[in-house]
1. Restricting to DSSP loop positions (anything but H, G, I, E, B) with no more than 14 other Cβ atoms inside 10 Å of their own Cβ, which trypsin sites (Lys or Arg not before Pro) remain in the chain?
2. Hey, what angle do you get for helix 35-45 against the long axis of the chain, alpha-carbon based, 0 to 90 degrees rounded to 10?
3. Note the listed values (1) 13.1; (2) 11.9; (3) 12.7, then indicate which one is Kirkwood radius over Cα pairs in Å calculated from this particular structure.
4. With +1 on each Lys and Arg Cβ and -1 on each Asp and Glu Cβ, and nothing else charged, work out how big the dipole of the chain is about its Cα centre, in Debye to the nearest 20.
5. Using r as the Cβ-Cβ distance of ALA16 and ALA48, and R0 as 25 Å, what FRET efficiency do you calculate, to the nearest 0.05?
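Any read-out appearing in this document is the output of simple, stated calculations on the displayed coordinates, not a laboratory observation. Just so you know, these numbers come straight off a predicted model, no measurement behind them. Please note: Cβ atoms are built from the backbone with ideal geometry, for glycine as well, and neighbour counts cover all protein chains shown.
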Amino acid sequence: MVVATHSPVLAALPGARLLGVGPRELREAAWDDLELTAGWRQVLGDPASYPRHLT
């Protein structure tokens, strides 16, 4: 089964095989190395910084 998600919760499910999409390839990725995880860490760590990206 293939699931594309922006949810770090779904990506953290036990047994999930994570693939990062590169310019020419798919590559295995660790949960901590995913861009979506880094993005959510930033938002949750400093929520006030996020709205400036929307305008």
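1. ARG17, ARG24
2. The two axes meet at around 30 degrees.
3. (3)
4. So the dipole magnitude of the chain works out to roughly 120 debye.
5. On the way: r = 31 Å, r/R0 = 1.25.
With R0 = 25 Å, the Cβ-Cβ based efficiency is 0.20.
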